[in-house]
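All remarks here apply to the structure that follows.
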Amino acid sequence: MNPMDPMNHLNPDALDVTRRHFLSRASAGVGAMALASLGHGRVGPPAGASEAVARAAAHHAPKAKRIIYLFQSGGPSQLDLFDHKPELQRLNGEELPDSVRQGQRLTGMSGNQSTLPLAGSQFKFARHGRSGIWVSDLMPRTAAIVDDLCFIRSMQTEAINHDPAVTFLQTGSEIAGRPSMGSWVTYGLGSENRNLPAFIVLVTKNKGGQPLYSRLWGSGFLESRFQGVQMRAGKDPVLYLANPEGISPKTRRRMLDRIASLDGVQMEREGDNSIRSRIAQYELAYRMQMSVPDATDLSDEPESIFELYGEDARVPGTYAANCLLARRLAERDVRFIQLYHQGWDQHGSLPAAIRVQARETDQASAGLVQDLKRRGMLEDTLVVWGGEFGRTNYSQGALTANDYGRDHHPRCFTMWMAGGGVKPGIVHGRTDELGYNVVENPVHVHDLQATLLHQMGLNHERLTHHHQGRDFRLTDVHGRVVRDLLV
């Protein structure tokens, strides 16, 4: 962002065009001081700014330069992956006690069941690493790197259904329309690579499951240049990036120059920041014609890398290939890389279905952490793994000797993080012996968001944008940095 731009984190609607024009011509120092005197907001760097400029824009010294968020859409069952509950297994088949449920509302999918039988996991758990962290046999590769991971077993959310829950984690609100986390980060810090977007999204192809909407990586009421850019598998990773047939690079360059000239006249007349944003996007798209093919071409990766991430990494669009691509984007200083993997919504036939999900994600997730660590990048790259909520400790539908399902459960779930200044080899928070309620160190979704922003050098209470008469932020009106997670 432009350090002289009064729209950044302040009240742009209250500043008239004359003031906007004056500050756009003022020196960076004078403009920044004038803006600082008008409110508690801060001034971010322009797109493509140097690392030094981005650091100057941060509220405090960052621990992480970038985030790779591995979002597991559908709600992975913490009770079958990371939250070992021997007592739940012992009481398998018995009724969920009212004293544990405490009147919690249930979804319509299990709320009308005449019985809520406790369902112990069918998978074996064991302690791993020097830290002795429990992980099920579904995740052997993740288990092998537990000493590099920071587990949060006490995550809590407010939404009990998928769409509001995913929207809440990604945007800080259950109601659609707010900027996504990646948009907030790039709004606050800008980009370190002028040839690639600061915020890139990768979605596992052909997975099905709960739908994912582009608004989850949208910029909401922020400028459109802060929205995520989705890269797809196939010939054209970014839609509409290639020149149409008959249009040469030279012709496209002349066209962009002419459009920029016309837009510049309109910008001078109206002082509309969206015009500048549009010009910046045109120019970035032009540069991406060279940078995107280079970033997505895996032909220069050695065999050892495919052994690390798994054979699926050779197939464009798979979760493994996207994890490998995420590392390549991180090497190119993309600031926020968001992966989505669907299919964790296992209301029935969980034992069979979760094996598929674990097989698709376990090796690549662990491989990404190991790859970053070997390259010396884990220290300043924050990797996040988790879904929108957890699963119930009781069975949705009939409980049999070999089968069960689990409904949505917002009261507790597990996520893990690695690198970027978080403590390795620890478990934060604890659930009760039946895995239904948090009994120690709860972490709300807004707490997680505040902590991620903090590691990037951003104060979640100061990273605001004035819109429709109020200051908005990712964490809305609450949230705290969970300092026990941090080095």
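Filter region 451-475 down to residues that are basic (Lys, Arg) and in contact with a Gly (Cβ under 9 Å, 6 or more places away or on another chain), then give me how many there are.
Residues in region 451-475 being basic (Lys, Arg) and in contact with a Gly (Cβ under 9 Å, 6 or more places away or on another chain): 2 in total.
Go through (1) touching a helix residue (DSSP H, G or I) at 6+ places or on another chain (Cβ under 7 Å); (2) part of a helix (DSSP H, G or I) and name the single condition Arg359 misses.
Here Arg359 meets the rest and fails (1).
So which residues in region 306-325 are in a loop (DSSP other than H, G, I, E, B) and out of contact with any Asp or Glu (no Cβ under 6 Å at 6 or more places or on another chain), if there are any at all?
Correct list: Gly310, Val315, Pro316, Gly317.
Name the single residue that is surrounded by the most Cβ atoms within 10 Å (Cβ to Cβ) among those in region 279-302 being among the hydroxyl-bearing types (Ser, Thr, Tyr) and over 26 Å from the mean Cα position of the chain (by Cα).
Out of the qualifying residues, it is Tyr286.
Name, by its number, the condition in (1) over 20 Å from the mean Cα position of the chain (by Cα); (2) at positive phi; (3) buried (at least 18 other Cβ atoms within 10 Å of the Cβ) that does not hold for Gly420.
Unmet for Gly420, out of (1) over 20 Å from the mean Cα position of the chain (by Cα); (2) at positive phi; (3) buried (at least 18 other Cβ atoms within 10 Å of the Cβ): (1).
Go through region 267-278 residue by residue and tally those that are under 26 Å from the mean Cα position of the chain (by Cα) and loosely packed, with under 15 Cβ neighbours inside 10 Å.
Qualifying residue count, region 267-278: 1.
Can you give me the number of residues within region 156-169 that are surrounded by fewer than 23 Cβ atoms within 10 Å (Cβ to Cβ) and either without any contact (Cβ under 8 Å) to a residue 40 or more places away in the chain or of a type in the set (S, T, N, Q) (or both)?
The number of residues fulfilling the criteria is 4.
Name every residue in region 218-265 that is of a type in the set (Gly, Ala, Ser) and part of a loop (DSSP other than H, G, I, E, B), in order of residue number.
The answer is Gly218, Ser219, Gly220, Gly228, Ala233, Gly234, Ala242, Gly246, Ser248.
For region 103-155, name all the residues that are in contact (Cβ under 8 Å) with a residue 24 or more places away in the chain and of a type in the set (Asp, Glu).
Asp147, Asp148
Could you pull out the residue among His466, His460 that is outside any loop (DSSP other than H, G, I, E, B), farther than 23 Å from Pro97 by Cβ and in the same structural domain as Glu388 (by TED's automatic domain parsing)?
His466
Considering only residues that are basic (Lys, Arg) and touching a residue at least 40 places away in the same chain (Cβ under 8 Å), look in region 219-253 and name the one that is surrounded by the most Cβ atoms within 10 Å (Cβ to Cβ).
It comes out as Arg225.
Taking Val383 and the conditions (1) touching a residue at least 12 places away in the same chain (Cβ under 8 Å); (2) within 16 Å of Phe306 (Cβ to Cβ), which numbered condition does it fall short on, given that it satisfies the others?
For Val383, the exception is condition (2).
The values are calculated or read from the model by the stated rules, or taken from the named source; none is laboratory data. In this text the structure is predicted, and so the values were computed from the model without any measurement. Cβ sites come from the backbone with ideal geometry, for glycine too, and all protein chains shown count toward neighbours.
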